[in-house]
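Asker: Below you will find the structure I want to go over with you.
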Amino acid sequence: DAALRSVADHFLHKVELADDVFTGVVEICVEMQKSVFALTGRFQKEVQRYYYVTPTSYLELINAFKAVLQSKRLEVSSAKGRYDEGLGKLSSTEAQVKTMSAELEELKPVLKKTSAETADLMVVIEKKQEEASATAAIVSKEEASASAQAEEARAMKEECQADLDKAMPALAAAMDALRNLKKGDIVEVKNMKTPPEGVITVSKALCWCFDVKPKKVTAPDGRTKIDDYWESSKKALWGDPKLLDRLMGYDKDNIPEEVMAKLKPLEEDPEFEPEAVKKASVAAFGICKWVRAMIVYDGIAKVVAPKKASLLKAETDLANVMSILAEKKAELRAVQDNVAKLVAEFEAAKKKKEELSTQYDDCSRRLVTAEKLMRGLGGEQTRWNEASGRLGSQYDNLTGDVLIASGIIAYLGTFMGRYRQDTVQSWVALMKKHKLPASAEFSLRAVVGDEVQIRQWVIDKLPNDQVSIENALILSRSRRWPLMIDPQLQANIWVRRSYAENLKIIRLSQPNYSRDLETCISTGKAVLLENLGETMDPLLEPLLQKAKFKAGNIVMIRLGDSTFEYNEDFRFFMTTKLPNPHYSPEICVQVTLLNFMATPDGLEDQMLGILVAKEEPDIEKKRQALVVESAQNKAQLKEIEDRILELLSNAQGNILDDEELINTLATSKVASQRIEERVAEQEKTQATVQETRDTYVPVAVRSSALFFVVADLCNVEPMYQYSLEWFY
């Protein structure tokens, strides 16, 4: 026991199990090995059949447990996850339907109000835009008028400036001459006792310009008085230290007309020529140039003055117009800003309305989609809930159930039904004893079976009894190749039907069977080795042990002297017609022994089929057709359900936005409903057919019993050997 516990502990320590569960599994593995060892003794004693339990069988139990537990955990958790995901999507959709219905009711008045507000705002905007357009037209007209006035004033200003520019050279020269005068030059003139005529003329002109009154003196004839400007100018002007400053700052733009009337003739006076005056006095020369410049400037200023007045008026008018225009522009800007604000408000309101409208449309569309989804899948909710709960319970019990299933796979293939049942019941008791989670009623079919696949096996002529179906399940789950005890050729027929053209049938008695076997191993074709005796060709040992190896990336195997590629699709089946073969322990550990001898239940079903086909051929044909069609329909239903659950599980985001997904689900559900209707109709027909078949059941039972009586005659005398084919 210690060795068995040590082996189990070593190989199972990586399996994800709770500590107490792990301890229970190890103990039960030990008990299983011991119980089957005891069972083989009982088997030999009661029915004279031999089977050997070895340490390799124990390792097969542990390896089967690890492999089946891993695959079943993944399978059950994935299936439950899909159901839960589907239920979650349905639940969220139901919640969304309520929420969206409330949202729609809330959105209707808001959308109506927003639409009305947007329309009213549009009317206001249109009115304001009209006002803005009118104001813009006025401003544009006034701006054009102001531009014309500005252009006119600019032209006048340029004309005035052009006229003034003509006097500027003489004025500039005069100013330069004044700036060049020195105080001594002025004093020189003042100190003249008898000034030259040119100096007197310049002094006279200065007195006129600065309104200095002449002194009345006696004329040379002694009878009359004449004006003497020299003495007056000496005192008032030439003696003034600020004379030059007065000349520089003289108001040339407002020279009185009477002064200009006096000065004008001097232009023609040869004594008043600057060069002539310069001979008498440098100071008088500069002032002469200044006086002549004033005469020229005044002449031009008299022409420019009206233009300047007009320019001033034009500029004043332009300033007034520009002021009014600025006010109008400000008014226009205010109107435009108001319009822009209203437009922005309108765009915001329009956007809000569109968003609300889109939200309303999306909500309506989603509601329709949700209702379509709920109509299509609402009926699945109860069934999915039940399936999820069942899978959850199954997952909790997987450890114990898989351990029992692994025991059946590793040990019980060679035993008859009653031995299997007794052993399984004892194992179930072990689960309870060690408090290992397991189903109260164990069924290998429920734990590792696939109903769709089982139905297909039955269609392919697998006997429809518990032992035969368990044999097929053991075969599908075992790591070792099956060797089937098949005196009635039931397994032989099933394998032939299942693989049909993809099956090569060989016998050890054939001369080149090994070459055919090599070809099938390389190409991945199934092989049925039939009519085996109690010994095995040593050539097959590497194949039975699956002694594969890698050469680079290629999987290879060696049989005898030949080494060739191993195709993982290859399948190998062996059958023997011997009713009670005695295989050595070496063979027992290399293969999975399966007892496919006819059972009462299986034979009763076959006898019933033969009997009804003979007495009621139409009924039997209909039944067989119904079996095939029902299996196909249920397989399709399973595929559709898996596809629906997969689509729901893989859906990203809001499922109601995925129209393609909803349409696919709806289409799948419609197809599923049609198939369900057909299945229901088939079940009704099958019930009618079964009623007819039930009338022949007693005969089938007696026929089955008769076969077993005849078959047991060999125990009385070995010469009485009868095949099932003969009995048919």
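Asker: Measure off 7 Å from each Cα along the Cα-to-Cβ vector at Glu16 and Phe549, then give the distance between these two points in nanometres to one decimal.
Answerer: 3.6
Asker: Calculate what fraction, in whole %, of the accessible area of the chain sits on carbon and sulfur atoms when a 1.4 Å probe is rolled over the protein chains.
Answerer: On the way: 20160 of 38640 Å².
C and S fraction of accessible area: 52 percent.
Asker: Can I ask one more? If the only charges are +1 at each Lys and Arg Cβ and -1 at each Asp and Glu Cβ, what is the size of the charge dipole of the chain around the Cα centre, to the nearest 20 debye?
Answerer: 1860
Asker: Amide H neighbours of Trp481 under 5 Å, counting only residues 5+ apart in sequence or on other chains, H built in-plane at 1.01 Å?
Answerer: Sorted by chain and number, the residues that satisfy this are Thr592.
Asker: Another question, then. Can you tell me the accessible area per residue over the stretch 462-574, all protein chains present, probe 1.4 angstrom, in square angstrom? Write down the numbers at each step before the final one.
Answerer: Numbers: 5300 Å² over 113 residues.
For the stretch 462-574, the per-residue accessible area is 47 Å².
Asker: Can you give the translational diffusion coefficient of the stretch 1-147 in µm²/s, computed by Stokes-Einstein from the Kirkwood radius over Cα pairs at 37 °C and 0.692 mPa s?
Answerer: On the way: Rh = 24.2 Å.
Taking Rh from Cα pairs, D becomes 136 µm²/s.
Asker: Protein chains only, probe 1.4 Å: how do Glu347, Glu142 rank by accessible area, largest first?
Answerer: Glu347, Glu142
Asker: For Asp251 and Ile138 in the same chain, what is the full-extension length gain: residue separation times 0.36 nm, less their Cα-Cα distance, in nm?
Answerer: Extending this stretch completely gives an extra 36.1 nm.
Asker: Taking every DSSP beta bridge that has both residues in the chain, what percent is antiparallel when rounded to the nearest 5?
Answerer: Percentage antiparallel, nearest 5: 45.
Asker: Using a 1.4 angstrom probe and counting only protein chains, how large is the accessible area of Lys638 in Å², to 10?
Answerer: 90
Asker: What ranking do 540-546, 706-712 get when scored by the average of other Cβ atoms within 10 Å per residue, highest first?
Answerer: The most tightly packed comes first, giving 540-546, 706-712.
Asker: Using only Cα atoms, tell me the angle between helix 513-523 and the longest principal axis of the chain; keep it within 0 to 90° and round to the nearest 10.
Answerer: 20
Asker: Enumerate the calculated ³J(HN,Hα) couplings along the stretch 74-90 in order (Karplus 6.51 cos²θ - 1.76 cosθ + 1.60, θ = phi - 60°), each rounded to whole Hz, writing x wherever the residue is Gly or Pro.
Answerer: 3J(HN,Hα) across the stretch 74-90, in whole Hz: 5, 5, 5, 5, 5, 5, 5, x, 5, 5, 5, 5, x, 5, x, 5, 5.
Asker: Rounded to the nearest whole Å², what accessible area per residue is found for the stretch 28-68 with the 1.4 Å probe? Working shown, then result.
Answerer: On the way: 1680 Å² over 41 residues.
Accessible area per residue: 41 Å².
Asker: Something else now. With a 1.4 Å probe and every protein chain left in place, tell me how much accessible area Ser310 has, in Å² to the nearest 10.
Answerer: Accessible area, nearest 10 Å²: 60 Å².
Asker: Could you provide, to the nearest whole Å², the per residue accessible area of the stretch 393-433 with probe 1.4 Å?
Answerer: 33
Asker: If you don't mind, there's one more thing I want to ask. Please report how many Lys pairs in the stretch 59-119 have alpha carbons closer than 19 angstrom, counting only residues at least 8 apart along the chain or sitting on separate chains.
Answerer: Count of close lysine pairs: 4.
Asker: Provide, as a two-decimal number, the C-alpha radius of gyration of the stretch 375-495 over 2.2 N^0.38 Å, N being how many residues it has. Working shown, then result.
Answerer: Details: Rg = 16.6 Å, N = 121, 2.2 N^0.38 = 13.6 Å.
After normalising by residue count via 2.2 N^0.38 Å, the value is 1.22.
Asker: For every helix of n ≥ 4 consecutive DSSP H residues, a contribution of -39,500 (n - 2.57) applies; sum these over the chain, divide by its total residues, and give [θ] at 222 nm rounded to the nearest 500 deg cm²/dmol.
Answerer: Working: 25 runs with 518 residues, N = 728.
Here the helix-only value at 222 nm equals -24500 deg cm²/dmol.
Asker: If R0 is 22 Å, what FRET efficiency do you get for Val699 and Ile459 from their C-beta distance, rounded to 0.05?
Answerer: 0.35
Asker: For Thr523 and Asp450, what does the FRET efficiency come to when R0 = 22 Å and r is the distance between their Cβ atoms, rounded to the nearest 0.05?
Answerer: According to the calculation, E is roughly 0.25.
Asker: How much length would be gained if the chain were fully extended between Ser78 and Val670, taking 0.36 nm per residue of separation minus their Cα-Cα distance, in nm to one decimal?
Answerer: Numbers: separation 592, 0.36 × 592 = 213.12 nm, distance 2.51 nm.
Between Ser78 and Val670, full extension yields an extra 210.6 nm.
Asker: Using only the heavy atoms of the protein chains and a 1.4 Å probe, how would Ser323, Ser630 rank by accessible area, largest first?
Answerer: Ranked list, largest accessible area first: Ser323, Ser630.
Asker: Let me ask another. How would Phe11, Phe727, Phe564 rank on accessible area, largest to smallest, probe 1.4 Å?
Answerer: Details: Phe11 80, Phe727 45, Phe564 20 Å².
Highest to lowest solvent-accessible surface, that is Phe11, Phe727, Phe564.
Asker: Taking the Cα-to-Cβ direction at Val710 and at Asp227 and moving 7 Å from each Cα, how far apart do the two end points lie in nm?
Answerer: Simple spin-label model gives 17.9 nm for this pair.
Asker: Follow-up question, since we're still on this one. Using the C-alpha gyration tensor of the stretch 1-57, what are the square roots of 5 times its eigenvalues, in whole angstrom, with the largest one first? Display every interim value, and only then the final one.
Answerer: Working: eigenvalues 157, 22, 13 Å².
With the √(5λ) rule applied to the stretch 1-57, the semi-axes are 28, 11, 8 Å.
Asker: Could you give the angle, 0 to 90 degrees to the nearest 10, between helix 697-711's Cα long axis and the longest principal axis of the Cα atoms of the chain?
Answerer: Its long axis makes an angle of about 60 degrees.
Asker: While we're here: Would you mind computing, in nm to one decimal, how far apart the modelled labels at Ala340 and Phe564 are, each placed 7 Å from Cα along Cα→Cβ?
Answerer: Reported label-point gap for Ala340 and Phe564 is 8.9 nm.
Asker: Let me ask another. On a 0 to 90° scale, report how tilted helix 617-650 is relative to the longest principal axis of the chain, with both axes built from alpha carbons and the result rounded to the nearest 10.
Answerer: The two axes meet at around 30 degrees.
Asker: Right, another one. Quick check of the Kirkwood formula: for the stretch 176-244, what is the inverse mean of 1/r over all pairs of different Cα atoms, in Å?
Answerer: On the way: mean 1/r = 0.0781 Å⁻¹.
That comes to 12.8 Å for the stretch 176-244.
Asker: Using C-alpha positions alone, give me the convex hull volume of the stretch 531-622 per residue in cubic angstrom.
Answerer: In the stretch 531-622, the Cα hull volume divided by residue count equals 163 Å³.
Asker: Kirkwood Rh and Cα-based Rg: tell me the resulting Rg over Rh for the stretch 245-304, rounded to two decimals.
Answerer: Ratio of gyration radius to Kirkwood radius for the stretch 245-304: 0.98.
Asker: Okay, moving on. Could you tell me, in Å, what Rg and Dmax come out for the Cα atoms of the chain?
Answerer: Cα radius of gyration and Dmax of the chain are 63.4, 207 Å respectively.
Asker: How much accessible area does Glu586 have with a 1.4 Å probe, in Å² rounded to the nearest 10?
Answerer: Answer for Glu586: close to 120 Å² accessible.
The values are calculated or read from the model by the stated rules, or taken from the named source; none is laboratory data. Only a predicted model underlies this, so the values are computations on that prediction, with no experimental measurement involved. All Cβ positions, even for glycine, are placed from backbone atoms using ideal geometry, and neighbour counts span all protein chains on display. With ligands, DNA and RNA removed, areas are computed over all heavy atoms of the protein, side chains included. Shrake-Rupley method; radii C 1.70, N 1.55, O 1.52, S 1.80 Å.
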